[in-house]
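What follows is a set of notes on a single structure, which appears directly below.
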Amino acid sequence: MTDRPNKNVARGEATRAQLIAIGTRLFAARGYEGTSVEAVLQEAGVSRGSLYHHFSSKEALFEAVLEDIEARVGAQTVEAALGAASPVEALRAACLAWIRLAGDPVVQRILLIDALSVIGWERWRAMDERPLSMIKAVIQTVADDGKLPPELVDTLAHVVLASVNEVALLVALSDDKATAMAQGADAVDELLSRLLG
C-alpha cells in the first residue's frame with residue numbers, strides 16, 4: 001500500500017516531463033502564439049485536467065519550458081568555461097558558448113524571441129541575474145589586478161552582458177546564422193580582449 005503514492009508521484013513527474021518536452025518541441029516549431037493547448041493535449045495523449053493539474057495555463061507551460069531551456073543553456077555555458085586558464089578566459093569561453101547556443105532553433109525561438117513577450121521584460125531580465133553575477137566576479141578580478149577602475153565593475157558587467165545578449169539576438173534573428181555567429185563571436189572576443197586583456 002505504501003508503494004502507491006510513490007508510483008503516483010513518479011507517474012505525475014513523468015507526465016510533467018512529457019508535457020514540457022512536447023511543449024518545447026511545439027513552442028520551438030510554431031512559436032508561443034501558434035501553439036494551442038489542444039495541440040499539446042493531442043500530442044501528449046492526456047486530458048485537459050491532467051495538463052491543468054501540472055500547469056495552470058499555456059503560459060505556465062511555456063514558463064516551465066523556458067526554465068528548462070535556461071537551465072540547459074546555463075549548464076552548457078558553465079561547462080564551456082571549465083578548465084579555462086584564467087577567469088577572463090572562462091568568461092570568454094562562456095560568452096562564445098552562449099553565442100553558439102543562440103544558433104539553436106529551440107533556444108532562438110523560446111528564449112530569445114518569444115520569452116520577452118510572454119513573461120515580460122522584468123522577468124526576462126531577472127533571468128540574467130546569475131550570468132551577471134558571474135561576469136561581475138570576473139571583472140572584479142581584473143579590477144583587483146589594477147587593470148580597471150573598481151568603481152566601473154558593476155557598470156562594465158552590465159555592458160558585457162548587454163553586448164553578448166544583443167549578439168545572441170542578432171544570431172537568432174539573422175537569415176544567415178552561420179555568418180552572424182562567426183561575426184558575433186569575433187566581435188565579443190574583440191570586446192573582451194580590449195576590455196579585459
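Counting helices only, and only those DSSP H runs with n ≥ 4, report the 222 nm mean residue ellipticity of the chain as the sum of -39,500 (n - 2.57) divided by its residues, in deg cm²/dmol to the nearest 500.
-25000 deg cm²/dmol
On a 0 to 90 degree scale, rounded to 10, what angle separates helix 3-30 from the longest Cα axis of the chain? So the helix axis and the longest Cα principal axis differ by about 60 degrees. A value for Rg and Dmax of the Cα atoms in Å was derived from the coordinates, and within the list (1) 16.1, 56; (2) 17.1, 60; (3) 19.8, 66 it appears as (3). Along the stretch 76-82 the Karplus relation, 6.51 cos²θ - 1.76 cosθ + 1.60 evaluated at θ = phi - 60°, assigns HN-Hα couplings of 6, 6, 5, 4, 5, 7, 4 Hz to successive residues, with x for each Gly and Pro. Averaging the sequence gap over all C-alpha pairs within less than 8 Å and six or more residues apart, then dividing by the number of residues, gives the stretch 1-130 a relative contact order of 26 percent.
Taking every alpha-carbon pair under 8 Å whose residues sit at least 6 apart, the stretch 68-188 reaches a relative contact order of 29 percent.
The listed peptides 117-128, 166-177, ordered by packing as a protection proxy, come out as 166-177, 117-128 (highest mean of other Cβ atoms within 10 Å first). Only the Cβ atoms of Lys and Arg (+1) and of Asp and Glu (-1) were treated as charged; on that basis the dipole of the chain about its Cα centre amounts to roughly 700 debye.
Here's how it looks for Leu148: its modeled amide H is under 5 Å from those of Ala143, which are all 5 or more places away or on a different chain.
All of the numbers you see were taken from the coordinates with simple rules; none came from a lab. Source: prediction; values computed, not measured. Every residue, glycine as well, gets a Cβ built from its backbone with ideal geometry; the counts of neighbours run over all protein chains shown.
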